[in-house]
Amino acid sequence: MQRRTFLAAAAVLAAPGMAAAQQWAPTRPMRLVVPFAPGGAADTVGRLLAEPLGIALGQPVTIENRPGGGTTIGAVNVARSAPDGLTLLYATPNVQILNPHLMRNLAYDPQADFTPVIAILRAPKLLVVRPDFPANDVAGLIALGKSKPDGLTFASAGVASSGHLAAEMFGQMAGLEMLHVPFRGTAPATQEIVAGRIDFMMDNIATLLPLVRDGQLKALGVSTAEPAVAAPELPPIGRTLPGFHDASFNYILAPARTPPEIIARLNTALNEILDSPPLVSRFANLGIEKLGGTPEALAAMVREEHDRWGPVIERGGIRIQ
C-alpha cells in the first residue's frame, strides 16, 4: 500500500512538467533569425524547417534575415530577445565556436546569452584540385607540397570562412608551407582552381561535388572522419592524415533563460521534422547529413568544437576586425 501511494504521489509531482513540455504552444507568430543574406545555404535550410515547424506548433514561423558582422548582428538580435520561445537563431559555428577566437570584442556572450535547442545538420567538405593536377590523392598532395620550395597555394571564399579554416588545419597537421588566397565567395575561388592558378581548395560538398561529377574539378578526399553519404567512393582525409576531421554543423539556439518546457517542445518538434522522409530526401539531395538529438548533446558538441578550433586559429594568426 505504501509503495502504491509513493508511486502515485511521484506521478502527480512529475505530471505538470511532463504535460507542460507537450502542451506549450506559441500564442503568436515565431521568428527564425538567419544571420546571412537570403539565398545561401543557411537560408535555404532555415526555410526548409520553418514551414513544418509552424505546422507542428500551430503558428507561422517567419524567416528573418539579419546578415553582417560574421553572424554577430543576427546573434545579438536573438540574444536580446524575450526568452519566450518565439525567437530562435539558426546558428553556424561562427556564433559560439569561431567568433570567440576570431574577434576581440564580441557584442554578446557566446555561451551565457543562448540556450541550446537542437543540432540540425553537418556539411562535409571536399578537398579539390584541377583535373590535371599532378597529385591524385591526399598523400600525393602533401608530398608535392613538401617538395615545392614555396609550398602550396589554396583558395577560399574569404578570410575565416569554413573552407579557409579547414585548409589551415590541414596544412598545420600535414606540416606544409601554404599561401592563402581569399576571394569574395566560393564561385570565384573555384574558377581560379579550375584555371590552374591556385593549387587546391576545400569547401562544402554540396557546392563542389557537382563540379567534380562534371569533370571540372578532381576530388582528393572528404573532410569527415567517415565517408560522406553523398560521395561514399571518396576517402576521408583522416585516413592519410590521422586525426583530421571537419564538418561545419548548423544548429538552433534560443535566448538564454528560455524555460525548459519550451526548449523540450521545440526539440521534440524539430527532431520529428528532421526524421521526416521529405526532409531526409532533401538533405540527401543537398549532400548534407541530418543530426538531431538533445540540447545537452548539442551543448557538448559546441564545447568540443570551440576547444578544437582555438589552437588552429591561434597558430594561423587568423583574425576578423
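The values are calculated or read from the model by the stated rules, or taken from the named source; none is laboratory data. Since this is a predicted model, take the numbers as computed values, not measurements. So basically every Cβ, Gly included, is an ideal-geometry build from the backbone, and we count neighbours across all protein chains shown.
Is it the case, given these coordinates, that Tyr108 is closer than 14 Å to Leu253 by Cβ and without any contact (Cβ under 8 Å) to a residue 60 or more places away in the chain? Yes; evaluated as a whole, the condition is true for this residue. Taken over segment 67-94, residues that are assigned to a loop (DSSP other than H, G, I, E, B) and either modelled with pLDDT of 95 or more or crowded, with 21+ Cβ neighbours inside 10 Å (or both) amount to 8. For segment 231-244, the criterion of a residue being surrounded by 17 or more Cβ atoms within 10 Å (Cβ to Cβ) and assigned to a strand (DSSP E or B) is satisfied by at least one position.
The residues listed here are Ala247, Ala300; of these, the one that is within 15 Å of the chain's Cα centre (by Cα), surrounded by fewer than 19 Cβ atoms within 10 Å (Cβ to Cβ) and not charged (D, E, K, R) is Ala300. Could you please let me know if Pro131 is assigned to a helix (DSSP H, G or I) and exposed (fewer than 15 other Cβ atoms within 10 Å of the Cβ)? Criteria not met by Pro131.
Matching residues to (1) among the acidic types (Asp, Glu); (2) at pLDDT 90 or above; (3) assigned to a strand (DSSP E or B); (4) within 24 Å of the chain's Cα centre (by Cα):
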| site | (1), (2), (3), (4) |
| --- | --- |
| Ala160 | no, yes, no, yes |
| His164 | no, yes, no, yes |
| Glu168 | yes, yes, no, yes |
| Arg184 | no, no, no, yes |
| Val194 | no, yes, no, no |
| Asp203 | yes, yes, yes, yes |
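Checked against the criteria, Ile198 does not count as part of a helix (DSSP H, G or I), crowded, with 21+ Cβ neighbours inside 10 Å and out of contact with any Leu (no Cβ under 8 Å at 6 or more places or on another chain). Being at pLDDT below 95, buried (at least 19 other Cβ atoms within 10 Å of the Cβ) and small (Gly, Ala, Ser) is a condition met by no residue of segment 262-285.
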